[in-house]
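As structure tokens, the structure follows; a few thoughts come after it.
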Amino acid sequence: MKRVLVLGCTGSIGTNAINIIENMSADFTLCGIQAYSNKQKLDELSKKYNCPSLLTKDDNSAQAFQNLIEKSKPDIIVNGIAGAAGLLPSKIALENKINLALANKETIVMAGSLIKKLAKDKGAKIIPVDSEHSAIFNLVEKIGKENISKIVITASGGPFRNLSKEELSKVTVEQALNHPTWNMGKKITIDSSTLANKGLEVIEAAYLFDVKAEQIQVVVHPQSLIHSLVRTNDGMLYGQISDPDMKHPIFGALTWPENKQTYLEPFELFDKEMTFYKPRMDDFPLLQYAFDCVKNGPVYPIVFNAANEVAVHAFLDKKINYLSIARIVKTVLDKSWENKINSFDDVFETDLQARKYAGELI
């Protein structure tokens, strides 16, 4: 039986992870939980499962996460924390030689090389939980990295994929939070609408799978049934197909390296439609900026993520309009960045600088 520590236990990833643990009680036990601010729900879960908990609004320190790990003694940690706040607990998990089921894409975007080296040095495994990277991870494991020439990441396109530039300038917060396919937190829902989320996934894929920007392609697939594809050296495409339900990649991460029978409903092909389009990078430029960040070196993904987080929260607070999100990110990226990223301290310092610049623009 695997002992599972769930970080971000009250969010969508955490809630789905706990659902899996409940439905597979012979395989998993919930040994610890963390939430940012929902103390009532955290206390309810802690009492129900008789496990230690951490409310990081009160204590977000490295020592707090270390204590939680020591009390819960997990075999695997699910990191469903949103945003840059997820990097520190990922680092601590790997330092403790614990396998990491990673839904926090910022961990890789901000510190991809450092995190991968840490995992290798400690003998821990990073198992992606993003539906796209989970699909790529499984395809790479089955086909072999040496046989793959290109990674194709699918995108729903968000709610505005058919809007004109003029219409995009009038988008409201309420409209941007109405995603057509996925039920997610506010920040990631806005990112999905601007394609910033897909940009973060491009950066994440480059680091996770050791590929260049030129080896990554994004295709808009509104139905979100194919979660990603790989093209093999002979030109063939192979994809992973399932309903758009985050329980599938979480289940795969928790059961890895086994391929266990699932209680989840299997995917049926009948009466399904699948369509594919090129992304409109001119109208959704954050995706192009992300590709540029992969090419420009490790400081730029940190800046991209930080500036975007600040801009998105300003949009949610109705301090800026929708199109200003991309303008702020581009302005911060265009500053002279000569920072060297040789340590996690360098990552955190660059993140703070980028947030400061973005905040000044707002």
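For the range 30-46, the candidate set comprises residues that are within 19 Å of Asn67 (Cβ to Cβ) and in a helix (DSSP H, G or I); within that set, the residue that is most open to solvent (accessible area, probe 1.4 Å) is Lys39. Would the range 231-242 turn up any residue that is in contact with a strand residue (DSSP E or B) (Cβ under 6 Å, 6 or more places away or on another chain) and farther than 22 Å from Ala206 by Cβ? Looking through the range 231-242, at least one residue is in contact with a strand residue (DSSP E or B) (Cβ under 6 Å, 6 or more places away or on another chain) and farther than 22 Å from Ala206 by Cβ.
Consider Ala84 carefully, then state whether it is free of Cβ contacts under 8 Å to residues at least 12 places away in the same chain, open to solvent by less than 40 Å² (accessible area, probe 1.4 Å) and among the hydrophobic types (A, V, I, L, M, F, W, C). Walk me through it before giving the result.
Values: free of Cβ contacts under 8 Å to residues at least 12 places away in the same chain: no; open to solvent by less than 40 Å² (accessible area, probe 1.4 Å): yes; among the hydrophobic types (A, V, I, L, M, F, W, C): yes.
So Ala84 does not fit the description; no.
When you go through Asn162, Asn104 one by one, which is the residue that is touching a Gly at 6+ places or on another chain (Cβ under 6 Å) and part of a loop (DSSP other than H, G, I, E, B)? Going through Asn162, Asn104 in turn, the sole match is Asn104. If the condition is being surrounded by fewer than 24 Cβ atoms within 10 Å (Cβ to Cβ), of a type outside the set (A, V, I, L, M, F, W, C) and in contact (Cβ under 8 Å) with a residue 60 or more places away in the chain, then the range 100-121 contributes Gly112, Ser113, Lys116. May I ask you to verify whether Asp210 is outside any strand (DSSP E or B), open to solvent by 10 Å² or more (accessible area, probe 1.4 Å) and without any contact (Cβ under 8 Å) to a residue 40 or more places away in the chain? For Asp210, the condition - outside any strand (DSSP E or B), open to solvent by 10 Å² or more (accessible area, probe 1.4 Å) and without any contact (Cβ under 8 Å) to a residue 40 or more places away in the chain - is not met. Could we say that Ala176 is touching a strand residue (DSSP E or B) at 6+ places or on another chain (Cβ under 9 Å), buried (at least 18 other Cβ atoms within 10 Å of the Cβ), among the small types (Gly, Ala, Ser) and in contact (Cβ under 8 Å) with a residue 60 or more places away in the chain here? Criteria not met by Ala176.
The set of residues in the range 332-356 being more than 17 Å from Gly86 (Cα to Cα) and either open to solvent by 70 Å² or more (accessible area, probe 1.4 Å) or not in a helix (DSSP H, G or I) (or both) consists of Asp334, Lys335, Ser336, Trp337, Glu338, Asn339, Lys340, Ile341, Asn342, Lys356.
State yes or no: is Asp27 surrounded by fewer than 18 Cβ atoms within 10 Å (Cβ to Cβ) and within 17 Å of Lys260 (Cα to Cα)?
Details: surrounded by fewer than 18 Cβ atoms within 10 Å (Cβ to Cβ): yes; within 17 Å of Lys260 (Cα to Cα): yes.
Yes.
The values are calculated or read from the model by the stated rules, or taken from the named source; none is laboratory data. All values reported here derive from a predicted model rather than from experimental measurement. Positions of Cβ are backbone-derived with ideal geometry, glycine not excepted, and every protein chain shown enters the neighbour counts. Quick note on the areas: whole protein, heavy atoms, side chains included, nothing else; ligands and nucleic acids left out. Shrake-Rupley method; radii C 1.70, N 1.55, O 1.52, S 1.80 Å.
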